[in-house]
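What follows is a single structure, written as C-alpha cells, with notes after it.
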Amino acid sequence: MLSKIKNIIFKHKNNDVMMEKSQLNLWNEEQYENLKNLLQSNEIDSKIQDFNNYNFYNKSKAYEKITGEKYEAGTRTINPFYKYAAAASIIFILTWSFIHFTKDIIPTHQTFVSNNVVKQITLNDNSLVTLDKNSKLDYSGNREVVLEGRAFFNVTKDSKHPFTIQTAKGKITVLGTRFTVWTTGDNIEVAVEEGKVKYELDERSVILEGNQWMKLVNNDIVSSKITSSNTFSWQQNALTFRDTPIDVVFNDLSRHFGLPITLSANIKNKSKCLLTSSYKNESLEQVLAELKTLFNINIIKKDKEYVITAINC
Amino acid sequence: MNKNTFKQIFNQYYNPLCNYIAHHFKLNEEAEDIVSDVFTHIWDTNPDFDKVDNIKSYLFTSVYRKALEFIRHAKDKKTTELSEKFVIPDDNEQDFNEYLLKDKLYQSIRQLPTKCQLIFVKAKINGMSHKAISEELGISIKTIENHITKAYAMIRTDLLKIKP
C-alpha cells in the first residue's frame, strides 16, 4: 500500500517535471517559428525601430535578490579540450599583445627645429613632414605632434591609429592624407591636398577634404575650396601666377614667405591689375622689386610687415 | 518546479516583462520591482505549473495585474485616474510575442562588434544617412555598407542559433 502511494507521488512529481519541460519546449518552438518568420519576411527593419526604447535590466542582480542564490548565465559543460585550447589562446594573445603594444608604446620623443632652411623629416611611422623655416615640431613617437609654424604633412595610412597635430589654436586629426598646417601667433590655416582632415577647436569642428582649406577669422572657422595654385608652393620655393589679380598675388606672397602683407583700404581697381609671372628661389625683396617696376607700387616696410599704399596700372 | 526550470523561465521572461510594464504603464522606475514581485511569488509558493496551460500568458497577465495593483496603492490622484483607463488585457498573445521577439532581436544587436553595432544603430535605427556617418566617423561609405551587411548576417545567424 505504502509503496503504491510512493509510486503515485513519484509519478506525479515526474509528471510535473515532464509537464514543465514540454511547456518550455513548446515555448522554444513557438519562439523559433516567430524568429524564422521575422527573418524571412525581412521585417527586421520595422521591428528594430524600438531599439532605443527597449531596456536591458540587470537580470543577475534581480535573480539574486529573488532567490538569494548566485546567478550564473548558462551553465554548460565544457569539453576539456576547449578549456586547454582557451588557456593556450589566452597565453598566445597576451604574449602577442605584449610584444605588439610595447613596440607601439615606446615613445621616441623628438623635437625638430628649422631655423633658416626648410627641413624634410621622416617620422617612425614613415609619415613625411616638410617643416618650413622658423618652425618647430614636437613628435611624441606615437603619431602625435605639436606644431608651431608651418609644415606640410604626408601621413601614412593607419585607420586604427589616427595622426594628430596639436597647435596653439585647435587640434587636427587625420587617418592618412597630404595637407599643410600653418600657425602664426593666434592664427591657423589648414590646406588639404588629398584625403580627409578633421580640425577641432574647443567644441567646434570641421572636416576638410581634398582641395579645401580653412582659416580662423575672428575665431570663426571659415572654410572653402582652394583657388590659389600657390597653396603648397612654399615647399618647392616656387610661385606661379597666370592672370592673377594683384590682391591675390599679395595674399599668395604673404602665405608663401610667411610674412604679413597688407593692402591699404583706399586702393581701388586692385582686381584689374593682373600678373603673369613665375618665381623660383627668389626672395620676397626681389619679387617686390619686380612688382614695383611693373605696377608702380608704393611699399612701406614696417618691422616684419609690408604695407602696400598705392598701386597704379 | 525545480530550480533549473525556474531559472530558464526567469531568463527568458524577466527582461521582456519589465519592458512590457515600462511601456504599457509608463512605470520605468517601478517596472523591475513589479516583475520581481511576481517572480518572488513564484519562487516562494512554487505554484503548480501543471495547472497552468500557458506560462507566457500566465506571466504577462500576472505582471499586468501587479502593475494595476501598484497604481491603485500609489494613491496618487493622477495615477488613480490613469489606472481606470487600463483594462485587463484579454490574453493578447500577439503583444506578448512581440516583446519576446524584440528581446531576442535586440540582444543580438547588442552582441554585434562595437564598431559594427555603432554603424548599424546609427544607420538603421537612428536613421542617419551613410554620408553623415561617413563624415562623423571619418570612414568611407563603402566601409559603412560592408558593416551593415555584416550586421544583418550576424543577426540572422545569431537568431537562428536558438534552435529548440
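Every number here is computed from the coordinates shown, using simple stated rules; none is lab data. Model, not experiment: these values are computed from the prediction. Here the Cβ positions follow ideal geometry from the backbone for every residue, glycine too, while neighbour counts run over all protein chains shown.
Here are some notes:
- Residue pairs, from the table A:119/A:215; A:65/B:115; A:133/A:171; A:169/B:142; A:272/A:301; B:56/B:115, whose Cα atoms sit over 29 Å apart: A:65/B:115; A:169/B:142; B:56/B:115
- Per-residue extension of 0.36 nm, minus the Cα-Cα distance of residue B:141 and residue B:29, leaves a gain of 36.3 nm for this segment.
- Likely footprinting exposure, A:144, A:203, fewest C-beta neighbours within 10 Å first: A:203, A:144
- Here the label points at residue A:113 and residue B:40, each 7 Å from Cα along the C-beta direction, are separated by 7.2 nm in the simple model.
- Shielding by partners - mean other protein chain Cβ count within 10 Å, residues of B:40-47: 2
- When each of A:183, B:157 is scored by the number of other beta-carbon atoms lying within 10 Å, the sequence from fewest to most is B:157, A:183.
- Converting phi to 3J(HN,Hα) with the Karplus coefficients 6.51, -1.76 and 1.60 and the offset θ = phi - 60°, region A:244-260 yields 8, x, 4, 5, 5, 4, 5, 4, 5, 4, 4, 5, 5, 8, x, 10, x Hz in sequence order, with x at every glycine or proline.
- Taking other C-beta atoms within 10 angstrom as a stand-in for reagent exposure, A:189, A:43 fall in the order A:43, A:189, fewest first.
- Region A:225-259 and region B:108-164 have Cα centres separated by 45 Å.
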